[in-house]
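Have a look at the structure below, then the notes.
The values are calculated or read from the model by the stated rules, or taken from the named source; none is laboratory data. Keep in mind it's a predicted model, so treat the numbers as computed, not measured. Every residue, glycine as well, gets a Cβ built from its backbone with ideal geometry; the counts of neighbours run over all protein chains shown. Areas reflect the complete protein model, heavy atoms only, side chains present, ligands, DNA and RNA absent. Shrake-Rupley method; radii C 1.70, N 1.55, O 1.52, S 1.80 Å.
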Amino acid sequence: MCIRDRQSTWGIKNQMDSTLKLAFFGAGYVGATSALVMAAHHPTHHFVVLDTNEALLSQWNRGEPPFHEPSVSSLLASGLSSNVTFSSDANSVLPDIDIIFLCVNTPTDPVTGNLDTTNLEQAVETILSTFQSISMTKNVLIVEKSTVPVGTAAKLGKRISSFAFENPNNKDYFAMMSNPEFLAQGRAIACLTNPDRVVIGPTHDEPSRRGAAILARLYAKWVPEDKIITTDAFCSELGKLSANCFLAQRISSINAMSAICERVGADAFQSNYSPPHL
């Protein structure tokens, strides 16, 4: 059962009263646009987009988006001149970061149809290895935005707990949660600026539940509270997969309607006005 609730705050910089530093793993479609929109609404926080693709990072740093999206160029120009940077040096960036968003690609295996979470797992290993020899004194929230199988946030949380930190107390400073993206190509900035919902799914441990309130406060800067839904990680991950399935079903239905319209001589464009949500 998915339960909506409001959790108490967590110990990140006195609940955001100070400047936060946020990192986004993945300089692609999801990571870059998410960072730019959030940075525009939080001008006092610092944002770093991390990637291993130097050519892609150079393009971003030159102010040249690698894809076309309305408004992304203006957001990029504003961000680069104020509070957004693009970097490949995760080891030097991460120790100062408060919140880490995982926005890496999780491609579908063409044979099995399963989502490949290798990139996501590698990103988490990079995070853990960076903090391996550091005695942590502050909390770090890890937010999974990639499309993943149900249970991935819990699995990554267990990996954090089992990691061999030099200071075993480090594992208690991390919190893992799900916060999937719901972007439409060609409308990414619009979807992020005026979303129909923001879903936040903490795992079942107390630091994650408290961290969910921090994340909700970040979004509440520009998203109405009634559109910010706090559930749990399993429901959040499943909700993203369900949304993808419903989208595929809608497209399939429209294609079927178009084929029928051709047979009977109806106008496919006008016919698709009638069914709800097509």
Quick check on the stretch 137-174: of everything there that is of a type in the set (Ser, Thr, Tyr) and exposed (fewer than 15 other Cβ atoms within 10 Å of the Cβ), which residue is nearest to the chain's Cα centre (by Cα)?
SER161
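Could you check the stretch 177-200 and list, in sequence order, the residues that are crowded, with 17+ Cβ neighbours inside 10 Å and part of a loop (DSSP other than H, G, I, E, B)? Please lay out each step first, then the result.
Kept after step one, since they are crowded, with 17+ Cβ neighbours inside 10 Å, are these residues of the stretch 177-200: 177-181, 183, 188-189, 191-192, 195, 198-200.
Once the filter is applied, which keeps residues that are crowded, with 17+ Cβ neighbours inside 10 Å and part of a loop (DSSP other than H, G, I, E, B), the stretch 177-200 yields ASN179, PRO180, GLU181, LEU183, PRO195.
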For HIS204: the one exception among (1) closer than 26 Å to ASP96 by Cβ; (2) open to solvent by 40 Å² or more (accessible area, probe 1.4 Å)
(1)
